[in-house]
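Single-structure report; data block below.
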Amino acid sequence: MKKEIRGKYKIIRNNIKNKEEKTLVIKEKLINLEKYKKSKIIAIFKSFGSEINTTEIIDYSLNNGKVVILPKVVENNLKFYKISNNEIFVKSKFGIDEPIPEEENLVQNDLIDLIIVPGLSFDKEKNRLGYGGGYYDRFLSNVNCMKIGICYEEQIYEGDLPAEKTDIKMDLIVTDKNIY
């Protein structure tokens, strides 16, 4: 079931119109959240393919004094590393830009105030459908911070997404039309 939904939502996301405008709306909603404003250390992903472009959120956060950390897959788990404005990235085996894993930039999970999470689809009950590797669910099960999924409204699944015990719910989902 999840495989079929993933396929459907990849197609939906690839065909969304006006992505730039919608991305700006999502960014504005996100940066105006009280939790975002109060957060010092923000974990976020570097967008890939047809995902919401996170560059503006990353740049805004860095330029407004936030510590921004990005994930790198290390031995089948995510570790988050602090980045700067002039960061050099390396491509992962999935083709995703990742920070260079320098030990002094590794941020411990308990220091993260807020994590912004990617997904192919979310439902109104805050369930998330990722890409199937379990990287984020494993990571999210070991952090105690606010979890915000971001996506286009078209990626909101009508009904309840299939979820297992290992699937971690979001605290909020921000789209161009709503905050769930």
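The values are calculated or read from the model by the stated rules, or taken from the named source; none is laboratory data. Keep in mind that this is a model prediction, so the values were computed, not measured. We place every Cβ from the backbone using ideal geometry, glycine too, and count neighbours over all the protein chains shown.
Details
Yes or no, residue by residue, for (1) of a type in the set (A, V, I, L, M); (2) surrounded by fewer than 16 Cβ atoms within 10 Å (Cβ to Cβ); (3) within 16 Å of the chain's Cα centre (by Cα):
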| site | (1), (2), (3) |
| --- | --- |
| Ile57 | yes, no, yes |
| Ser61 | no, no, yes |
| Lys66 | no, no, no |
| Leu70 | yes, no, yes |
| Glu75 | no, yes, no |
| Phe80 | no, no, yes |
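- Any hit, the stretch 52-66, residues being in contact (Cβ under 8 Å) with a residue 40 or more places away in the chain and more than 20 Å from Tyr180 (Cβ to Cβ): no
- Unmet requirement for Glu56, which otherwise passes all of (1) part of a helix (DSSP H, G or I); (2) closer than 23 Å to Lys169 by Cα; (3) not basic (Lys, Arg): (2)
- Residue check for Lys124: among the basic types (Lys, Arg) and either within 15 Å of the chain's Cα centre (by Cα) or modelled with pLDDT under 95 (or both): no
- When the stretch 122-152 is limited to residues that are part of a strand (DSSP E or B) and in contact with a Gly (Cβ under 9 Å, 6 or more places away or on another chain), the one that is farthest from Gly49 (Cα to Cα) turns out to be Asp123.
- Scanning the stretch 153-163 for residues that are assigned to a loop (DSSP other than H, G, I, E, B) and without any contact (Cβ under 8 Å) to a residue 60 or more places away in the chain, we see that the one that is surrounded by the most Cβ atoms within 10 Å (Cβ to Cβ) is Ala163.
- From the options Val73, Val90, residue that is without any contact (Cβ under 8 Å) to a residue 24 or more places away in the chain, in a strand (DSSP E or B) and of a type in the set (Val, Ile, Thr): Val90
- Per the listing Ile44, Ile83, Ile58, the residue uniquely touching a helix residue (DSSP H, G or I) at 6+ places or on another chain (Cβ under 9 Å) and farther than 22 Å from Leu129 by Cα is Ile83.
- Residue ID - modelled with the lowest pLDDT, chosen from residues in the stretch 93-104 that are farther than 17 Å from Thr54 by Cβ and either within 19 Å of the chain's Cα centre (by Cα) or in a loop (DSSP other than H, G, I, E, B) (or both): Lys93
- Looking only at the stretch 105-121, residues that are surrounded by fewer than 16 Cβ atoms within 10 Å (Cβ to Cβ) and not in a loop (DSSP other than H, G, I, E, B) come to 3 in all.
- As for the stretch 152-167, it holds no residue that is in contact with a helix residue (DSSP H, G or I) (Cβ under 8 Å, 6 or more places away or on another chain) and within 17 Å of Leu70 (Cβ to Cβ).
- Considering only residues in the stretch 1-47 that are part of a loop (DSSP other than H, G, I, E, B) and touching a residue at least 60 places away in the same chain (Cβ under 8 Å), the one that is surrounded by the fewest Cβ atoms within 10 Å (Cβ to Cβ) turns out to be Met1.
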